[in-house]
Amino acid sequence: MSEQRLTGAASPAGGGIYFASKVIHAPRWRALRAGGVPTISTWIDEAGEGQTADYAELAERSLREIARATAVVLYCEPGELLKGALLEAGAALMHGTPVLCVGECDSLSRVFRKHPFWREYPTVDTALAAALHYRHHGLSHHHPDDDAGKGGT
């Protein structure tokens, strides 16, 4: 793994955005992809009941995608209990990939909300703007929303 990757810098290939959420939100991520948002998540195409033939392969593929992602947008709505999405966020942090959290969720740890690569945003649109900024400039470059996007609020 390169030093550039460890510091959250944009990859030379540009990477894409990985969306981590409950599967019920997959249509939203597919619509963003159709609208031109660079999306690396393939799980969104097999989010329906019975669409995943091999869960072990899905887990490995998701981890590979997270490792190549520019950022992970972690999305949660009130009352949702995140499970797999939290594992995906942890994998992103381990790889030095920014996690851009949208929404409040009881599943979130106050410890990891203080991680240097964790950011919180009020809307998906603001998180996407930050992700696209990081895609071109890397996490080490100050984004205007970073002051409002620090975790632990």
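The values are calculated or read from the model by the stated rules, or taken from the named source; none is laboratory data. Keep in mind that what you see is a predicted model, and the values were worked out from it rather than measured. In this analysis, Cβ positions are derived from the backbone assuming ideal geometry, glycine residues included, and neighbour counts consider all displayed protein chains.
Which members of segment 46-66 meet the condition of being surrounded by fewer than 18 Cβ atoms within 10 Å (Cβ to Cβ) and under 14 Å from the mean Cα position of the chain (by Cα)?
Within segment 46-66, Leu63, Arg64 meet the criteria.
Please state which one of Ala85, Ala91, Ala67, Ala131 is in contact with a His (Cβ under 8 Å, 6 or more places away or on another chain) and in a helix (DSSP H, G or I).
Details: Ala85 fails: in contact with a His (Cβ under 8 Å, 6 or more places away or on another chain); Ala91 fails: in contact with a His (Cβ under 8 Å, 6 or more places away or on another chain); Ala131 fails: in contact with a His (Cβ under 8 Å, 6 or more places away or on another chain).
The conditions single out Ala67.
Going by the conditions given, is Ser107 part of a helix (DSSP H, G or I), in contact (Cβ under 8 Å) with a residue 12 or more places away in the chain and among the hydroxyl-bearing types (Ser, Thr, Tyr)?
Working: part of a helix (DSSP H, G or I): no; in contact (Cβ under 8 Å) with a residue 12 or more places away in the chain: yes; among the hydroxyl-bearing types (Ser, Thr, Tyr): yes.
For Ser107, the condition - part of a helix (DSSP H, G or I), in contact (Cβ under 8 Å) with a residue 12 or more places away in the chain and among the hydroxyl-bearing types (Ser, Thr, Tyr) - is not met.
Would you mind finding the one in Ala53, Ala67 that is out of contact with any strand residue (DSSP E or B) (no Cβ under 9 Å at 6 or more places or on another chain), of a type in the set (A, V, I, L, M) and without any contact (Cβ under 8 Å) to a residue 24 or more places away in the chain?
On the way: Ala67 fails: without any contact (Cβ under 8 Å) to a residue 24 or more places away in the chain.
Sole residue among the options that is out of contact with any strand residue (DSSP E or B) (no Cβ under 9 Å at 6 or more places or on another chain), of a type in the set (A, V, I, L, M) and without any contact (Cβ under 8 Å) to a residue 24 or more places away in the chain: Ala53.
Within segment 112-135, can you find the residues that are farther than 22 Å from Arg30 by Cα and modelled with pLDDT under 85?
Residue satisfying the conditions is Phe112 alone.
Quick one: in segment 31-45, of everything that is among the hydrophobic types (A, V, I, L, M, F, W, C) and either closer than 12 Å to Ala69 by Cβ or touching a Leu at 6+ places or on another chain (Cβ under 7 Å) (or both), which residue is surrounded by the most Cβ atoms within 10 Å (Cβ to Cβ)? Give the derivation first.
Restricting attention to segment 31-45, the residues satisfying the condition of being among the hydrophobic types (A, V, I, L, M, F, W, C) are 31-32, 34, 37, 40, 43-44.
In the following step, the residues that additionally are either closer than 12 Å to Ala69 by Cβ or touching a Leu at 6+ places or on another chain (Cβ under 7 Å) (or both) were identified as 37, 40, 43.
Values: Val37: 17, Ile40: 20, Trp43: 22.
The extreme case among them is Trp43.
Which is of a type in the set (D, E, K, R), modelled with pLDDT of 95 or more and farther than 17 Å from Leu128 by Cβ, of Arg64, Arg5? It would help to see each step written out before you state the result.
Values: Arg5 fails: modelled with pLDDT of 95 or more.
Answer to the check: Arg64.
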